[in-house]
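The values are calculated or read from the model by the stated rules, or taken from the named source; none is laboratory data. All figures in this text were calculated on a predicted structure; none of them were measured in a lab. All Cβ positions, glycine included, derive from the backbone under ideal geometry; neighbour counts span all protein chains shown.
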Amino acid sequence: MKVLFAISLFLLANPLIFYNKLESEYPLPPPLKIDMPLEIAINRRASVREFSDEPVDDEKLSTILWAAYGYTKKGRTVHALDGYGAKIYVLKEEAVYIYNPKRHSLILFKEGDYRGIGQYEAPIQIGIAWNKDFDENLTSALIGQIAQNIAFTANALDLGTVVTVGMALNKIGLPSNETGKIIMPLGYPKYPYNFTYNPNILFPVLPLIKNSTMSLTEAIENRREATQFNGKLNLQEISQIIWASYGFSYYIDNSKSELNPIVRHRVLPSAHAYYPLCIYAVTEKGIYRYFAGLYRYYMWNLPVLHLLIKIRSGDFRGEVAKASSMPNIASAPLIIISVLDLRKAKGMIGLWDDFSSAKFRWLWYHEAGASAYNVLLEATAWNLSANIALPTDIAIIRSILRLNNNFLPLLIVPVSKVKNGSI
Ligand SMILES: Cc1cc2nc3c(=O)[nH]c(=O)nc-3n(C[C@H](O)[C@H](O)[C@H](O)COP(=O)(O)O)c2cc1C
């Protein structure tokens, strides 16, 4: 009796014991629809490293997690290259959760505040782990897509984030078959977004980028994956696609963010801002290389280039197709190939880190995955369809593009017209 009385007294004095217990799984609210046209969301992409204390509500978190890795009526929001070998951890003040895409819920992983493992202080840290049963580079290309959707969606909701290298995620005690790849802090930017439209184009050989009528949410929800390739693209469509793959924003960033002095961003992030990819466009008429800007000019708002320079005449699509994982892309009106320039991945030796060795290859697959994903979204917004293939014979792709061993082809993105609304 005395014991029961003592327990009752203890519980009365500590009512929070009942309420503090965290649910082992809680459903997220339905994601919000974002009306912002896709191109505006791409143009507004910028890294944010300083955040206010304002908390992020579950509705916005739900929208970001769905875009990152959720399910659509057709499949997933992002394209699997080697299965879905990524896992998203959400580090909140009270606990660490795992995002469960199937039930669109958060599963309790561990109680406690682990947000301090991030490079930048923020109300939430999103950690993305690689399941080592899957290929590291291809999973990084998947994570590159996830990170794009986190960035686009966060920004469109007036939140901010940045991709950071995420080995520190291992500190939360990941299962032994997983390792942390990236961590993205999430919160309201300390320096609010402030953009002005300024295309500032030199040699506008390709048409200026136009906004489509498709919203960010619609593009993610309706993303197409082409399995047949045909038709012809007009110059506006080629311009939109090539810009989405690796172009510069048409906005000037006036936010005066102290930790990010870049005033004109690219359509995707790059480790140390090396941007070591070269983008090639293969069409019926020949092979072209994309030039988007002058080296490191974006710090100072120098003019943007947006042009394709022909490096070879003739139709090489059949040869590219044979050296790829999708032999039927020979009839694709446009094939984009992302190629890593290993010299650019070295950075400025002595001043900056050398990221050219195989150990760091995942960084560039992350970037190539982001580039390919932008093309998938942009194609969808322009009533086109695209897919992602892999080079199966590196030597042949190099020789078609007239490249030496300093260059490594990473991903091949064929684009097609859509026939009668089907893919
Ligand atoms: C794979 C990857 C890793 C990155 N790692 C870091 C990092 O550890 N810390 C950081 O502050 N920024 C990191 N960044 C962000 C880049 O520094 C940033 O994208 C680049 O400076 C260009 O700036 P912007 O994104 O604002 O246009 C990373 C980006 C990528 C794609």
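List of remarks:
- Extreme residue, farthest from Asp158 (Cα to Cα), among residues of segment 193-238 that are basic (Lys, Arg) and buried (at least 19 other Cβ atoms within 10 Å of the Cβ): Arg224
- Within segment 255-267, restricting attention to residues that are more than 7 Å from the ligand (Cβ to nearest atom) and of a type outside the set (Ser, Thr, Tyr), the residue that is farthest from Gly347 (Cα to Cα) is Lys256.
- Filtering segment 328-373 to residues that are of a type outside the set (Gly, Ala, Ser), more than 11 Å from the ligand (Cβ to nearest atom) and part of a loop (DSSP other than H, G, I, E, B) leaves Pro333, Leu342, Arg343, Met348, Leu351, Asp354.
- Members of segment 346-368 that are under 16 Å from Glu136 (Cβ atoms) and among the small types (Gly, Ala, Ser): Ser357, Ala358, Ala368
- Residues satisfying the stated conditions in segment 89-122, i.e. among the β-branched types (Val, Ile, Thr), touching a helix residue (DSSP H, G or I) at 6+ places or on another chain (Cβ under 9 Å) and more than 16 Å from the ligand (Cβ to nearest atom): Val90, Val96
- Annotation note: Cβ proximity below 7 Å between a residue of segment 400-423 that is closer than 28 Å to Gln236 by Cβ and at pLDDT 95 or above and a residue that is crowded, with 18+ Cβ neighbours inside 10 Å and charged (D, E, K, R) (sequence gap 6+ or interchain) occurs for Pro409/Arg398.
- Qualifying residues in segment 146-171 (those that are within 12 Å of the ligand (Cβ to nearest atom) and free of Cβ contacts under 8 Å to residues at least 40 places away in the same chain) - the one surrounded by the fewest Cβ atoms within 10 Å (Cβ to Cβ): Met167
To keep it simple, each residue is scored yes or no on (1) touching a residue at least 40 places away in the same chain (Cβ under 8 Å); (2) under 23 Å from the mean Cα position of the chain (by Cα); (3) surrounded by 21 or more Cβ atoms within 10 Å (Cβ to Cβ); (4) under 30 Å from Glu319 (Cβ atoms).
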{"site": "Ile241", "(1), (2), (3), (4)": "yes, yes, yes, yes"}
{"site": "Ser245", "(1), (2), (3), (4)": "yes, yes, yes, yes"}
{"site": "Ser249", "(1), (2), (3), (4)": "yes, yes, yes, no"}
{"site": "Val282", "(1), (2), (3), (4)": "yes, no, yes, yes"}
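- Per-region count, segment 43-70, residues more than 20 Å from Glu121 (Cα to Cα), of a type in the set (S, T, N, Q) and within 16 Å of the ligand (Cβ to nearest atom): 1
- Checking Val162 against (1) out of contact with any Pro (no Cβ under 7 Å at 6 or more places or on another chain); (2) under 18 Å from Asp253 (Cα atoms); (3) not in a strand (DSSP E or B), the condition it does not meet: (1)
- Candidates are the residues of segment 185-221 that are in a loop (DSSP other than H, G, I, E, B) and among the hydrophobic types (A, V, I, L, M, F, W, C); the one that is nearest to Trp243 (Cα to Cα) is Ile209.
- Checked across segment 309-327, the condition of being buried (at least 21 other Cβ atoms within 10 Å of the Cβ) and within 16 Å of the ligand (Cβ to nearest atom) holds for no residue.
- In segment 109-145, the residues that are part of a helix (DSSP H, G or I) and crowded, with 24+ Cβ neighbours inside 10 Å: Thr139, Ser140, Ala141, Leu142, Ile143, Gly144, Gln145
- Just one of the listed residues (Pro333, Pro327) is under 30 Å from Glu284 (Cβ atoms) and free of Cβ contacts under 8 Å to residues at least 12 places away in the same chain, and it is Pro327.
- Qualifying residue in segment 125-135 (condition: away from the ligand (no atom under 11 Å from the Cβ), over 25 Å from Glu218 (Cβ atoms), over 22 Å from the mean Cα position of the chain (by Cα) and touching a residue at least 60 places away in the same chain (Cβ under 8 Å)): no
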